[in-house]
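First comes the structure, then the notes that go with it.
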Amino acid sequence: MKPDHFEVTPACTAVHHLLARIGDKWTVMVVKYLGNGSMRFNELKRTIDGISQKMLTSTLRGLERDGFVTRTVFPTIPPRVDYELTDLGRDLLVPVKALGDWAVTNEQRVREARARFDAARAGKEHYSSFEDAAE
């Protein structure tokens with residue numbers, strides 16, 4: 001239920017779309033590594049543990065589309081492709097770094113909260129699907 005005074009504005013929609021872009025599983029890591037300077041595709045792939053070629057390609061295309069990354073193709077054999085943050089991408093590093101710093105600072109507190117939550121849930125009877133969904 002939405003509060004009566006809540007209104008979805010164009011600004012809310014814009015924030016939602018941008019947070020969806022930068023809040024996905026891989027974008028923050030790609031931006032973080034590109035913050036150190038331009039990198040080739042395979043260099044990024046080797047650096048980011050667990051990312052598939054398909055996901056890296058998709059992430060880079062999305063970042064390029066949104067203006068965070070530039071892609072430069074060099075006419076060599078084989079072709080060399082470098083990715084680099086734009087000014088907008090470098091601006092994004094500020095909140096990304098702040099969020100990363102916050103996560104590192106609060107990691108222990110989050111782990112403790114999870115442990116308390118899990119311990120409290122472990123002592124309760126099995127919930128029905130309806131009761132789980134209501135929580």
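Residue-by-condition table, conditions (1) open to solvent by less than 60 Å² (accessible area, probe 1.4 Å); (2) assigned to a loop (DSSP other than H, G, I, E, B):
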{"residue": "Ile51", "(1), (2)": "yes, yes"}
{"residue": "Met55", "(1), (2)": "no, no"}
{"residue": "Ser58", "(1), (2)": "no, no"}
{"residue": "Gly62", "(1), (2)": "yes, no"}
{"residue": "Ile77", "(1), (2)": "no, yes"}
{"residue": "Tyr83", "(1), (2)": "yes, no"}
{"residue": "Arg90", "(1), (2)": "no, no"}
{"residue": "Leu93", "(1), (2)": "yes, no"}
{"residue": "Trp102", "(1), (2)": "no, no"}
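Do we find a residue being open to solvent by 70 Å² or more (accessible area, probe 1.4 Å) and either modelled with pLDDT of 95 or more or within 19 Å of Ala103 (Cα to Cα) (or both) anywhere in the stretch 4-21? Yes, the stretch 4-21 has at least one match. The lone criterion from (1) of a type in the set (Gly, Ala, Ser); (2) under 20 Å from Leu85 (Cα atoms); (3) not in a loop (DSSP other than H, G, I, E, B) left unmet by Ala11 is number (2).
The values are calculated or read from the model by the stated rules, or taken from the named source; none is laboratory data. The structure presented is a predicted model; accordingly, all values stated were derived computationally and were not measured. For accessibility, only protein heavy atoms count, side chains too; no ligands or nucleic acids. Shrake-Rupley method; radii C 1.70, N 1.55, O 1.52, S 1.80 Å.
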